[in-house]
Structure formats: C-alpha cells, structure tokens
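Note sheet for the following structure.
The values are calculated or read from the model by the stated rules, or taken from the named source; none is laboratory data. Small disclaimer: the values here were computed from a predicted structure and weren't measured. Heads up, the Cβs are rebuilt from the backbone with ideal geometry, glycines too, and the neighbour counts pull from every protein chain shown. Accessible surface is based on the protein model in full, side chains and every heavy atom, while ligands, DNA and RNA are left aside. Shrake-Rupley method; radii C 1.70, N 1.55, O 1.52, S 1.80 Å.
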Amino acid sequence: MDAMKMIRRAGLLLLAAFAMVTTSLPAAAIDIERVVSKGGIEAWLVRDAKNPIIAMQFAFEGGSERDPEGKLGLALMAASTMDEGAGDLDSQAFQGKLDENSITLSFSAGRDGFVGQLTTLRETKDTAFDLMRLALTKPRFDMDAVERIRGQLLTSLRRSQADPNYWAQMAFGETVFPGHAYGRPQRGTAQTLAAVTRDDLVQFARTRLSRQGLKVAVSGDITAKELAPLLDKLFGTLPAKAELAPVADVKPAAEGKTILVPRPIPQTVLILAHGGLDRSDPDWYAATILNYALGGGGFSSRLMDEVREKRGLTYGIGSSLQSYDHANLITVSGSTVNDKAAEAISVTKQIWGEVAKNGITEAELRDAQTYLTGSFPLQFTNNGAIAGLLLQVQRDDLGIDYLNKRNDLLNAVTISDVKRVAERLLDPARLTTILVGQPTGITPDGTLHK
C-alpha cells in the first residue's frame, strides 16, 4: 500500500470513528422506515445523513441451541470462519479487502440466533455489501483457516476454564435446564469442537441460513430506495426455509436447591435464579422497574446496598431479567470470600423475600423510572448501536413504534403494579443457588465435580 493510500485510509478510519461516537438521536426523534424489497425481504431503517457511515445488523433463526449433540460449538465455529475467505478470495485476500476499505464485518452465534454485523463508509458500501454477500452465500471454509480458527477457539476455551465464572455458568445450565439445549455449553467442549468438520460448516451455511424469520436493521447514510435492492442482492438467493432442529419450551428447574462446584480458590462465585417473565408479558415493564430496584440498578439497588455497602460481603452483586426464545429467568450473580458466602446468600434471600412481600418504595419507583427513561437516549450513540436496538426490537416482536413509546410504558407503571409483580415473580424458597469455590457454613444439596 503506497503512502497516499495509507494516509487516505487513516483519514477514513478517523472519520468513521468520529462519526460513530458522535451520532446521538434522542428516543423521541427515532423515525423508522419499513423497507420491503421486490423479493419480499423486510428491513427497518433509521436514516442518518449527517455522517457517511452505514451500519447493518441481521439475525437468522437458530443459534447454538440448535447444534447437534456431538458437535456443540458448530454455530460458533461457523460464525468465526464465514469471514475467513469467500468466493474467489482466500482468507488473506478477503480480510485485506475489508481492511483497506475500512469495513467491519463479523458474525456471532447467540443462544437463539445467528447474527451478522457490517459497518462501512458510504463511499465503500458497494464493496462492503458485495463482501458480505459472498460471506453469506459463498464462504470458502478453507482447511487452513478452519484449523487456525479451531485452534483459537480451543485456546480461548482452555483459558476460560481457569475462570470460576465459566464453571458457574456450566453448572447453572446443567442444573436449571437439565436435558435441554439451554443446559449445554454454547461454546462446546474440546471434544465437540474437534469433531466439527469442514463439511459440517458447509452444511451449516447451506441449510441454517435462510430467509425464514430473517430480521434486518440498518442505520446510517442510505436511503430506502438504495436499500431495497440491496436486500435482494444480499439475502435473495438464500433458501426460503432453514433446516432447524426443534427446541422445546422449558420451565427452569428452580426448586430452591444449592449446588456446589468445589474449587480451591479464595472466593466463592454465586448465581441464584428462578423462573422469570416472557418478553411479551404485559408485566414486563413493571418487572423491569422491580429488577432495577432489586439488583439491576448498581449502587441504587437494594442488593448492592444491603450486601455490599452495609455488610461488606461482596465487591459487587446484581440481578437481571433474561428472556430467551424458549425460557425465562431472573438471576442474581456476584462473588464473596469463602467464609462470608453463607451470610451473603442469606442476606440475598432475605432481601428477595422482603421485596416479594412488600414491593418497593415510591422513591425507588421514581428513581427507577427516572434512570431507565433518562438513560435510554444514551443507547443511541452511534449507527451500530441504533441498528442493534432495531434488530432486538424486531426479534422481540415489540412493534416498529416501540422505541418511541417505551418510556411511556415505563412511566405508566404504578407502585401497586410493581408489588403485584414482585409477589408473582420473587420466591426465595425457589431460588436455585450455584456456588463455585470453597464456601464455609453451607451444606449443598448436590455437588458437581467439574
């Protein structure tokens, strides 16, 4: 690359970076266009002509939960290798084109979906979309690239196994979702990653990526007229339907048990959980405020105040609502020194029970509503973030007007709504507890030797 090209590319990268961090659209100003191609492929578009950046995100149905039992990690390997060469371009040539045109292209495999992300300058959009089309429809899966990526994934997996949080998540899946796809390791194991062949990857791209359930979101300097034909170019040749293994809905096995994974470490990692709410449940907004007051609001939450601030039992503890395609959870996670684990869990269950019985205060309600509505515009910091939000709204089936009515839904929640949902949702007797470490003063109901 000559000096002038290097200078030009550096300038484009700087412009892209500046544009990505300076885009900020208040939630009330979000104008979403529904774009439908001649071939019937739909995308949601937020046009922003102020900066010459285009971000696209899209999701296919089915992620790691559809991996075959003996080849767990297949979706992850596919996501990691689809941009390692496509069409006539080997890995080096493909990555070189991305690099020299300041294009970011990647894929990821989630629990319920397979996601692609593209960010490009407007002036290089034709090259960017052509490369993405090749990656989607003509990935090479050359053996040298496949083996290199396999080695990277195995190295990453081995490193993760030194982290007690890894074992906590493994034990959590096995305990809460026994015998279900959600209970299996998303990243696979050394054995299952080794079992994935090039033919498996080719078959994955050929049969798992389809127009069935495809969701597409775009934000940036592109018009609906320009986008519509691109949708057919990118996705129009994909199969109409995917070959997806069925996944059953599952109720978390939350029965109040305590499961220990012994580890010779000075701290105990803990996860507590039981069933949650579906994202489509009308009580979701009250549950969101409840969760913020309980443990989702950082230092504004009850759990952080009682477990850390007043008693010094942990550096951090928090709760979250988790809604998947086939299951729902509310969880608490944190860590503590081994000899304080019993007290930390006892206080957590005590707070859980108090909120279940009494709900939250008016002040906590106001604080939660103020934060959750006031911080919402901060999620619109760049085109990539906006595209990500649009995609999630589509995947959750919330409606194209959701971003503009979301704050009103939260502000409509009353103190009685939160109390009713707390009584419905929080049950300390059903909290299943996963511990990794050497906690003292605790007698587990079961022990997993990982």
- prompt: Label points 7 Å out from Cα along the Cβ direction at E423 and R159: separation in nm?
  reply: 5.0 nm
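I want to verify the translational diffusion coefficient of the chain in µm²/s; compute it with Stokes-Einstein, Rh as the Kirkwood radius over Cα pairs, at 25 °C and 0.890 mPa s. Intermediate values should be presented prior to the final figure.
Values: Rh = 23.9 Å.
Translational D for this selection: 103 µm²/s.
Enter the mean projected area of the convex hull around the alpha-carbon atoms of the stretch 210-355, in nm², rounded to one decimal.
Values: hull surface 55.4 nm².
Answer in nm², one decimal: 13.8.
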message: Two decimals, Cα atoms only, Kirkwood Rh: what is Rg/Rh over the stretch 298-409?
response: 1.04
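At a Förster radius of 41 Å, what calculated FRET efficiency corresponds to the Cβ-Cβ distance of T370 and Y315, to the nearest 0.05? Can you show the working numbers first?
Numbers: r = 26 Å, r/R0 = 0.64.
The value I calculate is 0.95.
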query: Within the stretch 412-450, what residues put their amide N at less than 19 Å from the label point 7 Å along the Cα-to-Cβ vector of K257?
result: 427-437, 439, 442-450
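Ordered by packing density, taken as the mean number of other Cβ atoms within 10 Å over each peptide's residues, highest first, how do 45-58, 274-287 rank? Don't jump to the answer; show the numbers that get you there.
Working: 45-58: 21.8, 274-287: 18.9.
Ranking the peptides 45-58, 274-287 by packing returns 45-58, 274-287.
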- line: Cα convex hull volume per residue for the stretch 170-282, in Å³, equals 237 Å³
task: Quick one: plug the Kirkwood hydrodynamic radius of the stretch 88-162 (C-alpha pairs) into Stokes-Einstein at 10 °C, 1.306 mPa s, and report D in µm²/s.
output: 113 µm²/s
Nearby lysines by direct alpha-carbon distance to K233 (threshold 20 angstrom, same-chain neighbours under 8 apart not counted): K38, K97, K125, K138, K215, K225, K241
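Can you tell me, using C-alpha contacts under 8 Å and at least 6 residues apart, the relative contact order of the chain as a whole percent?
Numbers: 878 pairs, mean separation 102.6, N = 450.
This gives 23 percent for the chain.
Thinking of the stretch 119-187 as a set of Cα atoms, what percent of all their pairs are more than 16 Å apart?
On the way: 1602 of 2346 pairs.
For the stretch 119-187, the share of Cα pairs beyond 16 Å comes to 68 percent.
If you take the Cα atoms of the stretch 27-162, find Rg, then find the Kirkwood Rh from the mean of 1/r over all pairs, what is Rg/Rh?
Working: Rg = 16.9 Å, Rh = 16.7 Å.
The Rg/Rh ratio comes out at 1.01.
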- prompt: Along the Cα-to-C-beta direction of T207, a point sits 7 Å from the Cα; which residues of the stretch 229-248 have their amide N less than 19 Å from that point?
  reply: 238-248
message: For a quick check: with amide H placed at 1.01 Å from N, whose amide H comes under 5 Å from L313's, ignoring anything fewer than 5 positions away on the same chain?
response: R308
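Helix by helix, which DSSP H runs in the chain go 27 Å or more along their axis at the Cα atoms and have an average Kyte-Doolittle hydropathy of -0.5 or more? Don't jump to the answer; show the numbers that get you there.
Details: long enough: 3-22 (28 Å, 1.37).
Helices meeting the span and hydropathy rule in the chain are 3-22.
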query: Solvent-accessible area per residue for the chain at a 1.4 Å probe radius, Å²?
result: 44 Å²
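Give me the Kirkwood hydrodynamic radius of the stretch 96-238 in Å, from all C-alpha pairs, to one decimal place?
On the way: mean 1/r = 0.0561 Å⁻¹.
Mean inverse Cα-Cα distance, inverted, gives 17.8 Å.
I need the Kirkwood Rh of the stretch 41-95: take the reciprocal of the average 1/r across all distinct C-alpha pairs and report it in angstrom. Mind showing how you got there, number by number?
Values: mean 1/r = 0.0686 Å⁻¹.
About 14.6 Å, per the Kirkwood formula over Cα pairs.
Want the number for A245 to E226: 0.36 nm per residue separation, take away the alpha-carbon distance, what's left? Walk me through the intermediate numbers first.
Details: separation 19, 0.36 × 19 = 6.84 nm, distance 3.58 nm.
Contour length minus Cα-Cα distance gives 3.3 nm.
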query: Between D397 and Q191, what is the spin-label point distance in nm, taking each point 7 Å from the Cα along the Cα→C-beta axis?
result: 3.8 nm
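Given 20 °C and 1.002 mPa s, compute D for the stretch 292-339 with the Stokes-Einstein relation, Rh being the Kirkwood radius over Cα pairs; round to the nearest whole µm²/s.
Working: Rh = 11.3 Å.
Here the translational diffusion coefficient equals 190 µm²/s.
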message: What lysines does K349 reach when the alpha-carbon gap must be under 25 Å and sequence neighbours fewer than 8 apart in one chain are set aside?
response: K251, K257, K310, K340, K357, K419
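For D278 and T127, compute 0.36 nm times the residue count separating them, minus their Cα-Cα distance, and round to one decimal in nm.
Numbers: separation 151, 0.36 × 151 = 54.36 nm, distance 4.04 nm.
Contour length minus the Cα-Cα distance gives 50.3 nm.
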statement: Residue-normalised 222 nm signal for the chain, counting each DSSP H run of n ≥ 4 as -39,500 (n - 2.57), nearest 500 deg cm²/dmol, is -12500 deg cm²/dmol
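Where nothing but the Cβ of Lys and Arg (+1) and of Asp and Glu (-1) is charged, how large is the charge dipole of the chain around its Cα centre, in debye to the nearest 20? Working shown, then result.
On the way: 50 positive and 53 negative charges, 70 e Å.
The dipole of the chain has a size of about 340 debye.
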message: In the stretch 154-172, whose amide N lies under 12 Å from the spot 7 Å out along Cα-to-Cβ of R111? List them in ranges.
response: 169-170, 172
- prompt: In nanometres, what is the gap between the two model label sites at K357 and D99, each 7 Å from Cα along Cα-to-Cβ?
  reply: 6.3 nm
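Rounded to the nearest percent, how much of the accessible area of the stretch 252-310 (1.4 Å probe, protein heavy atoms only) is carbon and sulfur? Mind dumping the intermediate values first?
Details: 1090 of 2150 Å².
Of the solvent-accessible surface of the stretch 252-310, carbon and sulfur hold 51 percent.
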query: Tell me, what does the Kirkwood hydrodynamic radius of the stretch 154-214 come to in angstroms if you use every pair of distinct C-alpha atoms?
result: 13.7 Å
- request: Please work out the FRET efficiency for the pair T447 and Q92, using the Cβ-Cβ distance as r and a Förster radius of 45 Å; give the result to the nearest 0.05.
  value: 0.35
